[in-house]
1. Conditions first: (1) exposed (fewer than 14 other Cβ atoms within 10 Å of the Cβ); (2) under 21 Å from residue 51 (Cβ atoms). Residue 88 passes all but one, so which condition is the exception?
2. How many residues does segment 16-43 hold that are surrounded by 10 or more Cβ atoms within 10 Å (Cβ to Cβ), more than 20 Å from the chain's Cα centre (by Cα) and modelled with pLDDT under 90?
3. Sort out for me the strands (runs of 3 or more DSSP E) sitting completely within segment 78-128 that have 3 or more residues that are touching a residue at least 60 places away in the same chain (Cβ under 8 Å).
4. Looking only at segment 32-77, how many residues end up being assigned to a strand (DSSP E or B) and free of Cβ contacts under 8 Å to residues at least 60 places away in the same chain?
5. Would you check which residues across segment 72-94 are closer than 14 Å to residue 114 by Cα and at pLDDT 90 or above and list them?
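The values are calculated or read from the model by the stated rules, or taken from the named source; none is laboratory data. None of the values given here were measured: they were computed from a predicted structure. We place every Cβ from the backbone using ideal geometry, glycine too, and count neighbours over all the protein chains shown.
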């Protein structure tokens, strides 16, 4: 019975070697609110920068990253890692300027800075 279980696992691993299968994962995210912007930090380790996408459509921020570990020459003798598709969606507040968004990626962290609209910025009121 145990050997049947091991055989099934080996078949699954072989299927994984033969096909492009992705484990779908929600990346861990921290969101910070500052006076001038909202900053999103998303953990997407070992993703090539070319495999990252950031989109905004109809007030929804969509982040996506694909991590693959394939080799051009040879085949796996043992594979304990998975190809991963990271993906999250966030509804944006109306006080954010969707035309002023910056994104950067470093050390496995995708950082997205969403600038607040001018009217949403704090204003100092003079006291007479």
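1. Going through (1) exposed (fewer than 14 other Cβ atoms within 10 Å of the Cβ); (2) under 21 Å from residue 51 (Cβ atoms) one by one, residue 88 breaks only (1).
2. Selection size over segment 16-43: 2.
3. On the way: elements: 84-91, 96-106, 109-116.
The qualifying strands (runs of 3 or more DSSP E) are 84-91, 109-116.
4. Residues of segment 32-77 that are assigned to a strand (DSSP E or B), as a first pass: 32-33, 37-43, 52-57, 60-67.
Next cut, free of Cβ contacts under 8 Å to residues at least 60 places away in the same chain only: 32-33, 52-57, 60-67.
Number satisfying all stated conditions: 16.
5. Let us first name the residues in segment 72-94 that are closer than 14 Å to residue 114 by Cα, namely 90-94.
Passing the criteria: 90, 91, 92.
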